[in-house]
Every structure is written in structure tokens, then in C-alpha cells.
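Working notes, structure below.
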Amino acid sequence: MEQALNTLATALFTVIFNFLNIDIIYNMLYIKYITCYVFGGHMKLKGISEEYAIYGTLFSLSNRIQTIGDKEFTDITMKQHFLMIALGMFEEPPTLKEMAELIGCSYQNVKRMAEHLHKGEYLNILQDSKDKRKLLLVSTGKLEGMADSNPEKTIVFMSQLYKNIPREDLVTTLNTLMKMDKNIGGIIE
């Protein structure tokens, strides 16, 4: 029965993605990932390569984190929250282009998020004094103030996320993710 459901799910997703004309490699990876699911809510990784399992798990984990974050923040999305966190990684205020390169989004997408965050008074968008064509992103401190006033939620979430994972595994995971990011053009060091 489970085999039949997996075959049906694979066929269904193949038809849908081919209809939508999405890249064949993406289709193959996504279908392979989808067929790992047991319809009881658990995922079986038996019979799937580590590469496919990691690929699918990254999407699944990202979606879960985004869902939790979107429930937590009422006026910004989790992606906008991530942009604000990434802003703190720069020693000097970054340009829109630098932010786009760091978080892996297009310039236009970052500009749209920055404009929304500016309206919400989370950041300011300033013209670079040296090059008038460049726009700089500067935090207003609003997000940091929110985090300082209620750190418990962040602590609880991070504790749950990393529960029972030894420090050595975290270091290995971080190093692997950084290499993967670099393989596809990322700039995280």
C-alpha cells in the first residue's frame, strides 16, 4: 500500500511539475524527496542518498522555521527578520547589492524587503555619501530592542532547535553548509 501511494505521489508531482515547466533537475530532486515521506507524518530516509536527504531536509527545516517565525512576528516576515539579522553581520552598513549577495536573494527582492522594513521603522535606507548610486541599509535598533525586551522566546526556540546535538556536530554542520553555500556562489566565510 505504501509503495503504491509513493508511486502515485511521484507520478502526480511529475505531471504537475512538468505542466508548470520547472527545471528537470529540480523536479527529480523534489520528487525523490517527496517519495521519502510516509503518509503518517514521518520521513523515511532508507534507500535515499545523503545528498538528496540533506537537500530535502534543508527545505523542510527552512519551511518549519519560517512558519514558526511568521507566527511570532506580526509586522515582518521571517525573511525580513533574517535580513535584519544579516545586517548585524556587516562591520559597515551594507549596500543593497552586498545584502543580496549575503542572503542569496535578488537585488530587487532585497530592495522590496528593505522598503517594507523602512516603513516599519526597522531600518533606514540611506544614500552612500561616496557613491550616490548606492543605497545603504542601517538598522534603527527597533528589532534589537524587541529582542532585548523579550529574549526568552529566542532562547527557548534555539534550545529546542539544537537540543541533544553535540557541539562537534554543530561545527561539522556549519562547515558543511558553508561549503555548500560557496559551491553555488555564496559569500559566507
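The values are calculated or read from the model by the stated rules, or taken from the named source; none is laboratory data. A quick note: this is a predicted structure, and the numbers were derived from the prediction, not measured. Cβ atoms come from the backbone with ideal geometry, glycine included; neighbour counts cover every protein chain shown.
Please go through the range 98-144 and pick out each residue that is in a loop (DSSP other than H, G, I, E, B) and under 13 Å from LEU87 (Cβ atoms). Explain how you work it out, then say what you get.
Looking only at the range 98-144, we keep the residues that are in a loop (DSSP other than H, G, I, E, B), and these are 104-106, 120-122, 128-134, 140-141.
Within the range 98-144, TYR122, THR140, GLY141 meet the criteria.
Taking the criterion of being in contact with a Lys or Arg (Cβ under 8 Å, 6 or more places away or on another chain), without any contact (Cβ under 8 Å) to a residue 12 or more places away in the chain and surrounded by 12 or more Cβ atoms within 10 Å (Cβ to Cβ), would at least one residue in the range 108-121 satisfy it?
no
Among residues belonging to the range 151-189 that are among the acidic types (Asp, Glu) and in a helix (DSSP H, G or I), point out the one that is farthest from ILE68 (Cα to Cα). First the steps, then the outcome.
Going residue by residue through the range 151-189, those that are among the acidic types (Asp, Glu) are 152, 168-169, 181, 189.
Pick out the ones that are also in a helix (DSSP H, G or I) and you get 152, 168-169, 181.
Numbers: GLU152: 15, GLU168: 26, ASP169: 24, ASP181: 24 Å.
Across the range 151-189, the extreme among qualifying residues is GLU168.
For the range 163-177, state whether one or more residues are at pLDDT below 90 and under 24 Å from THR57 (Cβ atoms).
Taking the range 163-177 first, the residues at pLDDT below 90 are none.
The answer is no; no qualifying residue exists.
Being among the acidic types (Asp, Glu) and more than 20 Å from ASP181 (Cα to Cα) narrows it down to one residue among GLU144, GLU101; which is it?
Values: GLU101 fails: more than 20 Å from ASP181 (Cα to Cα).
Only one candidate qualifies: GLU144.
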